[in-house]
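Some notes on the structure that comes next.
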Amino acid sequence: MSSIETPLENEHTWQRINLGPYLKQFGFWIARIVLALIVPAIVLAIWQYAVQKQWLAEQILPSPALVWQTTLELIDTHELQDNLWISLKRVAWSVLVGGSIGLLLGFLIGLSRIAHRFIYPTFNLIAQFPVIGWIPLLMIFLGIDESLKIAAISLAVFVPVLVATYRSVLNVPTHLLEVSKVYAFSTGQTFRRVILPSALPNIVSGLRQGIMQAWLSLVFVELLASSEGIGYLIVWGRQLIQPDIIFMAVIVIGIVGFVLDHILGWVEHGFSHWQRRAF
């Protein structure tokens, strides 16, 4: 009888021991979430208190309940989802265009001294201009159609992606390149097996920065030259003199940006872990 109970007791003990790290990690995440919610809760409480004490007129500072009600109404009429989807599509196309050009030119400048001498000075000049400064010039050539939004936001993606790619290629460890020479790798093999794995995590970091810059630039572009999108809702609320719509749009923009940044952070962490395993 004792010979049967002992393995069972050992199995339960083994399970309890292995559950410990998971419970600890779960508790850690719960603590992080609670701590992250403290400041928003304080801001919400001050906001509600200011409304109750009428520090500002309701036409300037709407109540949290009114903003929430407006959010539900826009969700019910699909105006919020439709405008948010339009904005996300603009960001996606801009990341595809700006990111692709940034990657190609970044690799070209990093791998070729001639390309660096010819292309990098011009790029460095372009990079000094903020996206909002390009909009009047782009309006002359592209009008105010969708191409204007895509081109302007693509510029915001293009710069950080090119810089991250170019510097990642230049910072490939010398000893890895020497190993590739020892094994007599061809240029293509050196790129695939040495340069790309070494540079990829930093390139992903540049893409993360580019996507976040695209989301920020999207708001500027839609505020200045758009009749739809999440940024346009702010203009729409101002035109209707409804600050509840403005507050709702600002909060949605912040939440979407927060979620995007965290998702991209997990992706970046995954590539960093892959690089450590690859080398």
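Taking every residue in region 200-219 that is under 27 Å from ILE135 (Cα atoms) and pairing it with any residue that is charged (D, E, K, R), at least 6 positions away or on another chain, the pairs with Cβ-Cβ distances below 8 Å are SER205/GLU268; ARG208/ASP261; ARG208/GLU268; MET212/ASP261; LEU218/ARG90; LEU218/LYS149.
Contact map, region 44-68: residues that are farther than 14 Å from ILE245 by Cβ and open to solvent by 100 Å² or more (accessible area, probe 1.4 Å) paired with residues that are among the acidic types (Asp, Glu) and not in a helix (DSSP H, G or I), Cβ distance under 7 Å, separation 6+ or inter-chain. No pairs are found. For region 224-251, residues that are more than 26 Å from LEU162 (Cβ to Cβ) and assigned to a helix (DSSP H, G or I) total 18. Here TYR232 meets the list (1) open to solvent by less than 10 Å² (accessible area, probe 1.4 Å); (2) in contact with a Ser or Thr (Cβ under 7 Å, 6 or more places away or on another chain) almost entirely, failing just condition (1).
Screening region 78-154 for helices (runs of 4 or more DSSP H) wholly inside it with 1 or more residues that are surrounded by 13 or more Cβ atoms within 10 Å (Cβ to Cβ) and among the charged types (D, E, K, R) returns the ranges 79-111.
One residue is enough: does region 268-279 have a residue meeting the conditions modelled with pLDDT under 80 and not in a helix (DSSP H, G or I)? Among the residues of region 268-279, at least one is modelled with pLDDT under 80 and not in a helix (DSSP H, G or I), which makes the answer yes.
The values are calculated or read from the model by the stated rules, or taken from the named source; none is laboratory data. Quantities reported herein were computed from a predicted structural model and do not represent experimental measurements. Cβ atoms come from the backbone with ideal geometry, glycine included; neighbour counts cover every protein chain shown. Keep in mind that these areas ignore ligands, DNA and RNA; they rest on the heavy atoms of the full protein, side chains included. Shrake-Rupley method; radii C 1.70, N 1.55, O 1.52, S 1.80 Å.
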